[in-house]
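Written below as structure tokens is the structure these notes are about.
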Amino acid sequence: MENVTFHDHKPRALSLYDAVVSGLSRSDKSIPPKFFYDQRGSELFDRICEQPEYYLPTVECRMLAELAGEIATLTGTGRVLIEPGAGSASKVRLLLDALRPSAFVPMDISFDYLKSSARDLALEYPWLPIHAACVDFTHSLPVPREVPDGPRLLFFPGSSLGNFNPGEAGRFLRLVHRTLGDRGMMLIGVDTKKSEGVLNAAYNDAAGLTADFNLNLLQRMQQELDADIDPDVFEHLAFYNSDKGRIEMHLVSTREQTLRLNGHRFDFKEGERLHTENSYKYSPAEFIGLATENGFSEVRHWVDDDGLFAVYLVGAV
Ligand SMILES: C[S@@+](CC[C@H](N)C(=O)[O-])C[C@H]1O[C@@H](n2cnc3c(N)ncnc32)[C@H](O)[C@@H]1O
């Protein structure tokens, strides 16, 4: 396959081991959500996207399919298209024929998964040069040298911005701004604030896939770090925290226990939580305010008819 190249830019220092030791040493135990994504985590996430309660991908994909032509009119064609956290690269397929990018740069922390989705995409779009990069986007967004010059468009769907707290989201937007350079634009999908019932159901699907996804973090600790831990004595917990405007995901220890890892001991009380993810929700005014504070101006935004999800096109100023 001639139209795809692979680049490993993941910083070596950011290991699961370091994250577990530092995250479990805190009084409020936490591990960043990027560690959900090994091969199994990526596969589970794709299955979560098929669950009826998890409305985000269904609504966003419907919007992108309807808006592709309008978006291309606003961005023009022939840009370098960069997608941090591309995963299965399913959403970009809705845009490629309209945007006709000069190159596509999917980036992800889950490199084996990214490689296979980039290979599939390369077969489907033989006209498209693809440069897939293993990147930790909380750290940097290195664009491979082979990528052609020209105006850039960064695509960040799936409300992945919500996994950052507002301060981190601002830092990420400034990193995007630097990566985009002159005439750069960003197309971003962000989940809206809405009824708590809808939000709580979305992160507690009846099939239990979000629970499996959350618990997979403990299986990674067992398999990759040889941690002495029993995933069966933890439970999935997800709820909307309306004060903070975010879904919180935790693993709750169902009894007192000690996790042992390479000479370290981490004690859990019964009911103690390990915080694994936040998903902040933004009203359009909140998101546009955040983008404006961090170097962007609004070109246009769209909200679906039920107010469930928003897509924003912003330009770097
Ligand atoms: C919530 S999924 C969204 C996937 C896809 N963009 C979508 O909208 O369906 C998050 C994706 O970002 C990747 N990811 C999470 N944290 C990351 C990080 N720090 N750096 C790079 N990729 C990351 C995951 O592997 C996963 O593919």
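The values are calculated or read from the model by the stated rules, or taken from the named source; none is laboratory data. What you are looking at is a predicted structure, and each value in this text was computed from that prediction instead of being measured. Here the Cβ positions follow ideal geometry from the backbone for every residue, glycine too, while neighbour counts run over all protein chains shown. We work out accessible area using only protein heavy atoms, side chains counted, and drop any ligands, DNA or RNA first. Shrake-Rupley method; radii C 1.70, N 1.55, O 1.52, S 1.80 Å.
Taking amide H as placed 1.01 Å from N in the peptide plane, residue 5 has its amide H under 5 Å from the amide H of 130, 131, 132, each at least 5 places away in sequence or on another chain.
Placing unit charges on each Cβ (+1 for Lys and Arg, -1 for Asp and Glu) gives the chain a dipole about its Cα centre, and among 266, 173, 113 the Cα reaching farthest toward its positive end belongs to 173.
Each Cα pair under 8 Å and six or more residues apart adds its separation to the average, and for the range 34-143 the resulting relative contact order is 24 percent. Against the chain, whose longest principal axis is taken from its Cα atoms, helix 55-75 shows a tilt of about 30°.
The apolar share of the surface of the range 31-80, taken as the fraction of accessible area on carbon and sulfur atoms (1.4 Å probe, ligands and nucleic acids excluded), comes to 54 percent. Between the range 216-239 and the range 1-78, what is the C-alpha centre distance in whole Å? Value for the Cα centre distance between the two parts: 20 Å. Taking a Cβ cut-off of under 13 Å around residue 223, the surrounding Lys, Arg, Asp and Glu residues balance to a net charge of -2, with basic ones at +1 and acidic ones at -1.
A run of the chain free of exposed loop cleavage sites, with trypsin sites (Lys or Arg not before Pro) counted only in DSSP states other than H, G, I, E and B and at most 12 other beta carbons within 10 Å, reaches its longest extent at 27-144. Per atom type, the range 122-272 shows carbon and sulfur on 44% of its accessible surface, probed at 1.4 Å.
Between residue 115 and residue 25, the modelled labels are 3.3 nm apart [label points 7 Å from Cα along Cα→Cβ]. Net charge dipole, the range 143-226: roughly 460 debye, given to the nearest 20, about the Cα centre with Cβ charges of +1 for Lys and Arg and -1 for Asp and Glu. Principal-axis analysis of the Cα atoms of the chain puts helix 111-124 at an angle of about 30° to the longest axis. Each 20 Å bin, from zero up to the one with the longest distance, holds this percent of the alpha carbon pairs of the chain: 32, 58, 10. Close Lys pairs in the chain (alpha-carbon distance under 13 Å; sequence gap of 8 or more, or different chains): 6.
Placing +1 on the Cβ of every Lys and Arg and -1 on the Cβ of every Asp and Glu, with nothing else charged, gives the chain a dipole about its Cα centre of roughly 900 debye. Evaluating 6.51 cos²θ - 1.76 cosθ + 1.60 at θ = phi - 60° for every residue in the range 182-195, the Karplus couplings come out as 4, 6, x, 9, 10, 10, 9, x, 9, 6, 9, 6, 7, 4 Hz, glycine and proline recorded as x.
Rounded, prolate or oblate: which fits the range 69-129 when a ≥ b ≥ c are the square roots of the eigenvalues of the alpha-carbon gyration tensor, with rounded for a/c under 1.5 and prolate only if a/b beats b/c? Since a/c reaches 1.5 and a/b is larger than b/c, the shape of the range 69-129 is classed as prolate.
Here the sum of -39500 (n - 2.57) over DSSP H runs of 4 or more residues, divided by the residues of the chain, equals -10500 deg cm²/dmol at 222 nm, to the nearest 500. Positive end of the dipole of the range 53-116 (Cβ unit charges, origin at the Cα centre): among 89, 63, 77, the Cα lying farthest that way belongs to 77. When the chymotrypsin sites (Phe, Trp or Tyr not before Pro) in the range 72-143 are filtered for DSSP coil states and for at most 13 other beta-carbon atoms within 10 Å of their beta-carbon, the remaining sites are 127.
Put simply, the amide H of residue 158, placed in the peptide plane, has neighbours under 5 Å in 189, leaving out anything fewer than 5 places away on its chain. What is the local net charge at residue 59, summed over the other residues whose Cβ is closer than 13 Å to its Cβ (Lys, Arg +1; Asp, Glu -1)? Taking every other residue near residue 59 into account, the sum is -4.
With a 1.4 Å probe and all protein chains left in place, how much accessible area per residue does the range 125-247 have, in Å²? Working shown, then result.
Values: 5100 Å² over 123 residues.
Ligands and nucleic acids excluded, the figure is 42 Å² per residue.
Loop-resident GluC sites (Glu not before Pro) (DSSP state other than H, G, I, E or B) in the range 89-173 with no more than 11 further Cβ atoms inside 10 Å of their Cβ: 146. Once C-alpha pairs closer than 8 Å and six or more residues apart are averaged by separation and normalised to the residue number of the chain, the relative contact order reads 21 percent. Rounded to two decimals, the Cα radius of gyration of the range 218-317 over 2.2 N^0.38 Å is 1.58.
Computed from Cα positions, the angle between helix 166-180 and the longest principal axis of the chain comes to roughly 40 degrees.
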